[in-house]
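S.K.: Below is the structure I would like to discuss, written out as structure tokens.
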Amino acid sequence: MSGWLIVGLGNPGGEYANTRHNAGFMLVDLLAEQGHARIRRSECSSLVGRCDIENEGVELAKPQTFMNLSGEAVNCLVSKPPRSRETLVIVSDDLALPLGTIRIRRNGSHGGQNGLRSIMDQLKTQEFIRLRIGIGPEYEIRDASRYVLSEFSAAERKELPAVLERAADAIGVIITNGVDEAMGKFS
């Protein structure tokens with residue numbers, strides 16, 4: 001397959017840069033760093049860049065629409081050939097997964113994640129690859145919005161680089177060997 005598009009979900013702006021809800025942006029930034037790319041071309045209300053991952057040309061995107069409207073940007077991006085839903089990977093945070101966990105699926109529900117909900121509404125399907133990065137705490141939270149929009153704790157920040165590296169490795173496996181192998185190895 002060619003025409004891979006890796007879209008990290010998050011919220012634009014400096015005040016959100018280090019928040020849990022921006023785990024998707026963080027992974028796309030790491031992939032860009034590893035691939036010596038810059039994500040700065042403006043297209044479809046997104047910042048887009050291009051790099052090679054596992055010797056395959058890949059586009060990286062960060063919608064600038066805010067999380068709840070991510071679907072507008074993704075629908076626009078994926079509608080332009082050679083891009084397709086078959087080679088689309090959405091990277092998001094997941095409050096239901098503990099920090100350090102990643103989960104890869106080729107379809108499924110949004111699980112309460114508003115960015116995924118918006119994408120499903122716009123694409124009119126649940127059929128696209130998603131990589132979820134766990135941000136869930138070990139304790140019960142009362143205000144999910146406040147939690148996801150807060151910055152990672154000092155302890156979480158120590159763990160985060162290894163989590164993002166593992167997620168980047170998973171993206172490489174998806175591209176080279178397919179989503180089924182990545183699901184078996186990383187989920």
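S.K.: Check L30 against each of (1) in a helix (DSSP H, G or I); (2) within 23 Å of S118 (Cβ to Cβ); (3) not β-branched (V, I, T) and name the one condition it does not meet.
M.R.: With (1) in a helix (DSSP H, G or I); (2) within 23 Å of S118 (Cβ to Cβ); (3) not β-branched (V, I, T) applied to L30, the lone miss is (2).
S.K.: If you scan the range 10-56, which residues turn out to be of a type in the set (A, V, I, L, M, F, W, C) and in contact (Cβ under 8 Å) with a residue 40 or more places away in the chain? Even if it seems obvious, please write down each step before you answer.
M.R.: Step one: list which residues in the range 10-56 are of a type in the set (A, V, I, L, M, F, W, C), which gives 17, 23, 25-28, 30-32, 37, 39, 44, 47-48, 51, 53.
Correct list: A23, M26, L27, V28, L30, L31, I53.
S.K.: Additional query: Please give the number of the condition R157 fails out of (1) assigned to a helix (DSSP H, G or I); (2) in contact with a His (Cβ under 9 Å, 6 or more places away or on another chain); (3) surrounded by fewer than 20 Cβ atoms within 10 Å (Cβ to Cβ); (4) not small (G, A, S).
M.R.: (2)
S.K.: Additional query: If I ask for residues that are among the hydroxyl-bearing types (S, T, Y), assigned to a strand (DSSP E or B) and farther than 22 Å from D94 by Cβ, which ones from the range 33-49 would you list?
M.R.: Scanning the range 33-49 gives a single hit, S42.
Residue-by-condition table, conditions (1) in a loop (DSSP other than H, G, I, E, B); (2) among the small types (G, A, S); (3) at pLDDT 95 or above; (4) surrounded by fewer than 17 Cβ atoms within 10 Å (Cβ to Cβ):
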| site | (1), (2), (3), (4) |
| --- | --- |
| G108 | yes, yes, no, yes |
| G112 | yes, yes, no, yes |
| G115 | no, yes, no, no |
| M120 | no, no, yes, no |
| R130 | no, no, yes, no |
| G134 | no, yes, yes, no |
| E138 | yes, no, no, yes |
| I141 | yes, no, no, yes |
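The values are calculated or read from the model by the stated rules, or taken from the named source; none is laboratory data. Quick caveat: nothing in here was measured; it's all calculated off a predicted structure. We place every Cβ from the backbone using ideal geometry, glycine too, and count neighbours over all the protein chains shown.
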